[in-house]
Structures are given as C-alpha cells and as structure tokens.
C-alpha cells in the first residue's frame, strides 16, 4: 500500500449495531459508532415468557446508515474517498422470510407489525418442537444429514425457525418465497439486490445452521424436508446450492446506498458471516486456540487445518465447516445460550423494585428514572467486587447456567437453569458468585468436549463485553479452566474482524491471514490460573455436572 486505505466493519449484535472505520495499513481505529435498536429497546415483537425474540429490519437499516455516516463524519471530509471495502457480521442464526425480490416481509404492505415477518433472533426458541422433530426425522435416513452440526439440530437454527414460522402464520407462509440469514441479507441490501435467487449465501451461516455441506453437494435433498412436513416441499429450490467464504465479494455498493452513506460506488462489499466467526479473526485466532466471544451468550470458535480434520466428527457442537472462519481451515463452533444474559437476568431481578420509583411521591419522574439508571449500572460491578471478597469454597450456593437452554455440548433448549444450596445467609453477592461459577463451568464443559473428541485446546482468547469489563469473571474462568486467557485489546473485535475481511475483498491484502497480521491489535490483559482455586473449582465442577444431570433427568 502506498497510502492509507480505509475499510469499514459492521457488527450487528443482539442489542445494537456498531461500525468501525479502520486504517487497513495498521488496524488503527479511525472512528467508531454504536446504535441501539429503538424497537428492540422498547421490547416490541418479543415475549420472553414464550421465548419469542424478533427484530424489525428497520432497526438494522436505521442502525447501518446512522453508524456509518457517524463514523465518516467523525473521521473528516476526506475519509469517504479512502474507503475501499465494507464487510458485515451478524448474530445467528437470525433468519427472515423474504419475497421474490429478497425484501423482508416486514417491509412489505400488510406485514409491518407482524413478528413472524421479522428477523427471528438467534435466541428465539419458539421452534423447540420443530427442532426435536428434525432430530427424530433425521434418524430415518441412511445419510446422516446432521453429521456436521454435532449430530443434534437446535431450535436456534435456520430450518427449525422456518418450519415453526410456516406452521404458525398462514399469511406469512403464503408470502414467504425464501428464507435468508441476517448476515446474507445486509450485503444483498447494500449491493442493490432485487432477486432473492441472487443472494450470495455465506459458507459460515449455511454450513453451521442450514445443513449445507460439500459432501451433500449442497443442502439435503427436498425429500428430507418434504417428508418431514409438506409445508417445506420445494423450499430447497428457492434457497441455494452454492456458498461463498467471506474473503469473496458480494458486489459493489449500489448507487442508492452509496448516496445514503456518502461513499463511492467502487466500495466492495464482502460476503457476510456470523459475529463470532469474524470476531475470531479480529481476535487473531490461532489453530487449536479457542476464541470465546463473551456477550449476551458465548460463541466459541476453534480452527484446525483441514488436512488434520479429515474424518473427524465432533459430537454435540454447533458445527464444523471448512472455510467458515478462515479459508483452508475447518471452523468448529460451540457456545453457551446465556452468558451475559445470566448476569442481566439477575440484575433485572434485583432492580425490579426500582421500577416503582416512577410513581414515588418523594421525587419527580425524571429524577426517579435517572436514579434507576444509575443504580442499575452499578449493580454488576458492585456484585463482582463483593463476590471477589468471598473465599473460594467447595460448598455453598450452586447454579446451572441453562437459563436460556443449553447450546453446547449437546444442544437442548428445553433445559432450564437452577440454583441450589440456598439458605438465610444467601445474599446477593453469594448468589451472583454461584451464577458466575455456573457460566464458567459451562465454558469448561465445552473445552472438555473438544478434548474428549480428540481436539486439543492449546489456549484461550477472550473477546467481547464481558471479557473486557469483568476481571472477576475472567480470573474465575482461568481458574476453572486451568489455563491462561488472553484478552484482545480491541473493544469492538467482531467489527475489526469484519474490517479485516473487507480489506481482503477490496484487494488490499491477498488473504485473511495477511490482514490479521497487518491489522491485528494484540492483547492487553492475560489471566493466569490460581492453582489453589483451581483445585476447589474442580470439586465444584463435579457438583455442577451432577446438578445438571439431575435437571436433565427431570
């Protein structure tokens, strides 16, 4: 490179979208911007009691435009001219019903307020029955179509959500021409796509969630799905056969979106992928090192050279797909369905009385709201500080972290969390400690599954909000897993990973590894296990496993 060239990485999370403007020469952050989804913040289209979590495409579109324009404004008047590439990651599996033009139904007349016409967020578990039926149905076939997704299909994934939607809403079912992942739709939108058949489907989402495999020559055959439910008959022909790795371009920025964003039309848009997969790249993943993106949930990514994975099938994980993270390597995915969400649930439980401040006779509503926000923001840091003062003991309160079901190992979204060992001395810091331990024990069960299946875990890389903001939990994680954890220093690591892919699709670097080397920002913290604590946690983990077996037995 003879001059600075900029790239944009866009990272769609559960609560917000963030964009980063990066100097591709050295990975320097030029500007960043975060947009919180307004409809999601109001709780619209969701019903937590029924595990229904939907997001309106307008939240995504408005956030995309707002954050990119904000980054360019912060960077100065000449920044837009230097932008060469743009890439996007999203949560997943987060699919949506679209018409023949590839337009989400919620953006069409008559479906504007219909939750079933919106994106079905990753943590939506309304399709648990459909997932169970897929698992039962798959056992009837000579070909094991679940072999590359750990042998168990999850309600968090593509087909279970599609089938549930088709069964639930007849109007949506009639209007639904195709079913598209969020990470595939945004590049299609930005490149001006008007034909659903032309959507470039990412290898990442297709392989890990939609049962696409090179061995099958694409998706499982129509008979696999139509014999499960006639509603699915012919659906594969409206989906895809080919997939694309994220080092390939989806196209150039359309004239409409170039004008909306203030960018030139020669900006190359990359094929999309899931947040944790691009986050692993942004976090400078190495072969056999487990990259843990720790946010509302965790998504754990490990890469292994394709030649060393020949014939290996890892039981009970969220898929193994050649090229889903780095071309030429097999990406293996695992994770926990609730991580930060576990702490958020406890915070919401404790702050429930604060909702009554709005009707207080002592302070005005504005002061009440400000006080509520101030106290809410302090709860988790203070709980962490107080819990860290407690001795590490092999008895006391014990929890299981399945508050949103279990993702890995052995997906089962019908499982529930639990807290036991409660007494009159069980105060908030002690219960919080039990919940924190449970999330760390859940992480250990994932590492143990990889090791038991013959995949070594040589190190841990921590990424995401919890990794950056909670030294207490990260130290506990190191103690429980008995290995060091390096914390990547970049705040928005998933967005940085997307920017690295943008640099490749723009031709600035020839391969993902080159972009990682040039743009990687290194690590700013490392936690080492405390041997004495590790011995205690080993006993506690056995108790956690026993409690988990009891819950499963119910």
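Please treat every number below as a calculation from the coordinates, not as lab data. All values reported here derive from a predicted model rather than from experimental measurement. Cβ coordinates were reconstructed from backbone atoms using ideal geometry, including for glycine residues, and neighbour counts include every protein chain displayed.
Translational diffusion of the range 1-132, estimated by Stokes-Einstein from the Kirkwood radius over alpha carbon pairs at 25 °C in a medium of 0.890 mPa s, is 150 µm² per second. Please work out, to two decimal places, the log10 of the ratio I(q)/I(0) at q = 0.23, 0.26, 0.34 Å⁻¹ from a Debye calculation in which every Cα of the range 102-141 carries one identical scatterer. For the requested q values the scattering log ratios are -0.77, -0.83, -1.04. Measuring nothing but how far apart in sequence close Cα pairs (under 8 Å, 6+ apart) lie, relative to its length, the chain scores a relative contact order of 17 percent. Dividing the Cα radius of gyration of the range 327-428 by its Kirkwood radius returns 1.10 for Rg/Rh.
Cα-based values for the range 227-294, radius of gyration first and Dmax second, are 17.9, 49 Å. If R0 equals 30 Å, the separation of the Cβ atoms of residue 482 and residue 49 corresponds to a calculated FRET efficiency of about 0.20. The orientation-averaged projected area of the convex hull spanned by the Cα atoms of the range 480-525 comes to 3.9 nm².
Working from label points 7 Å from Cα in the Cα-to-Cβ sense, the residue 344 to residue 15 distance is 0.6 nm.
Three principal axis extents describe the C-alpha atoms of the range 393-552; from largest down they are 61, 31, 29 Å.
Using all alpha carbons of the range 331-380, what is the percent of pairwise distances in each 5 Å bin, ordered from the shortest bin to the longest? Result, from short to long distances: 4, 19, 22, 16, 13, 8, 6, 5, 4, 2, 1, 0 percent.
The share of C-alpha pairs in the range 492-554 whose separation exceeds 19 Å stands at 61 percent. Based on DSSP, what percent of beta bridges with both residues in the chain are antiparallel, to the nearest 5? Around 70 percent of the beta bridges assigned by DSSP in the chain are antiparallel ones.
Note on the range 462-504 and the range 131-207: Cα centroid distance 29 Å, given to the nearest whole angstrom. When only alpha carbons of the chain are considered, Rg and Dmax amount to 22.8, 70 Å.
Volume per residue of the convex hull around the Cα atoms, evaluated for the range 1-57, comes out as 87 Å³. Quote the FRET efficiency, to the nearest 0.05, computed for residue 41 versus residue 359 with a Förster distance R0 of 22 Å and r equal to the Cβ-Cβ distance. That pair, residue 41 with residue 359, gives E of 0.50. Two decimals is fine: what is log10 I(q)/I(0) at q = 0.12, 0.24 Å⁻¹ for the range 66-133, from a Debye sum with one equal scatterer on every Cα and no solvent? At q = 0.12, 0.24 Å⁻¹ the computed log10 ratios are -0.57, -1.03. Rounded to the nearest 500, the 222 nm mean residue ellipticity of the chain from helices alone is -11500 deg cm²/dmol, with -39,500 (n - 2.57) taken per DSSP H run of at least 4 residues. Our estimate of slack between residue 143 and residue 524, defined as 0.36 nm per intervening residue step minus the Cα-Cα distance, is 132.5 nm. Taken over the range 156-297, the alpha-carbon convex hull comes to 156 cubic angstrom per residue. The equivalent ellipsoid that matches the C-alpha gyration tensor of the range 127-214 spans semi-axes of 25, 18, 10 angstrom, in descending order. Taken along the Cα-to-beta-carbon direction at a fixed 7 Å, the label points for residue 428 and residue 168 span 3.4 nm. Note on residue 370 and residue 238: the model spin-label points, each 7 Å out from Cα along the C-beta direction, lie 5.4 nm apart.
How big is the gap, in Å, between the Cα center of the range 383-431 and the Cα center of the range 34-92? The range 383-431 and the range 34-92 have Cα centres separated by 33 Å.
A straight chain from residue 315 to residue 545 at 0.36 nm per residue would run longer than the Cα-Cα distance by 81.0 nm.
Each listed q (0.18 Å⁻¹) maps to a log10 I(q)/I(0) for the range 159-200 from the Debye sum over equal C-alpha point scatterers, namely -0.59. If you wrap the range 252-405 in the convex hull of its Cα atoms and look at it from every side, the mean projected area works out to 16.4 nm².
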